[in-house]
1. Cα axis of helix 110-125 to longest principal axis of the chain: angle in degrees, 0 to 90, nearest 10?
2. Which entries in the list LYS8/LYS59; LYS8/LYS31; LYS8/LYS34; LYS34/LYS146; LYS59/LYS107 go over 23 Å, if you measure between the two C-alpha atoms of each?
3. Using alpha carbons only, how many degrees (0 to 90, rounded to 10) separate the axis of helix 129-147 from the longest principal axis of the chain?
4. Using a Förster radius of 35 Å, what is the FRET efficiency between HIS14 and ALA110 based on their Cβ-Cβ separation? Nearest 0.05, please.
5. Charges only on Cβ, +1 for Lys and Arg, -1 for Asp and Glu: so what's the dipole of region 5-161 about the Cα centre, in debye to the nearest 20?
6. Calculate, for the chain, the solvent-accessible area per residue in square angstrom, rolling a 1.4 angstrom probe over the heavy atoms of the protein chains.
7. Just from its helices, what would the mean residue ellipticity at 222 nm be for the chain, if runs of 4 or more DSSP H residues each count -39500 (n - 2.57) and the sum is divided by every residue, rounded to the nearest 500 deg cm²/dmol?
8. Between PHE58 and THR38, what is the FRET efficiency for a Förster distance of 45 Å, r being their Cβ-Cβ separation, to the nearest 0.05?
Amino acid sequence: MSIKRIAKHLMMTHWQVNRAFPRGTMIAIEKATKASETSHLGEIRFAVEGALHSTPLFKGQSARERAIDVFSQLRIWDTEHNNGVLIYLLLADRAVEIIADRGIHAKAGAREWENICRKMEAAFKQGNYESGVVSGIQAVTQHLMKHFPAVGNDRNELPDKPVVL
């Protein structure tokens, strides 16, 4: 357990999350998600969490483990074709995780998602949160178009609005 990590999480505030993701940025992310979903059968959700609560933090919960919890809590797995994708940002760590439901994960491997995560994290280190997320959504879109192209009129099963936890 890293003292530096604990300090970052304990010092993270809602104000810092709102500064990184102001209303205009959240609207841009929602628009990017809506636009993305017109070109494939996948369902994308973006969630940002400022910091872990104390119990998971002191137990050493990773961003990946938390992303899996959030995937379940937001019911991203609850789509007709098992085609949900969560893009999760743990802001205190600037760690991005992409969790894809089994229908998508079977075709688009973990390495593709890892590359997108690292590019998003690089943008966040520069303070480019909006462009980092929008570019990440566009990269996820490219993979989903390849493996799950749009066919006819696909209904939107998950909200497009980003989530702040």
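1. On a 0 to 90 degree scale, this one is about 50.
2. Distance filter (> 23 Å) returns LYS8/LYS31; LYS8/LYS34; LYS59/LYS107.
3. On a 0 to 90 degree scale, this one is about 30.
4. Details: r = 32 Å, r/R0 = 0.91.
Between HIS14 and ALA110 the formula returns 0.65.
5. Dipole magnitude for region 5-161 comes out near 480 debye.
6. 53 Å²
7. -15500 deg cm²/dmol
8. Efficiency, from the Cβ-Cβ distance: 0.55.
The values are calculated or read from the model by the stated rules, or taken from the named source; none is laboratory data. For clarity, every value in this text was computed on a predicted model and none was experimentally measured. Heads up, the Cβs are rebuilt from the backbone with ideal geometry, glycines too, and the neighbour counts pull from every protein chain shown. To get the accessible areas, we keep the full protein, side chains included, count just its heavy atoms, and leave off ligands, DNA and RNA. Shrake-Rupley method; radii C 1.70, N 1.55, O 1.52, S 1.80 Å.
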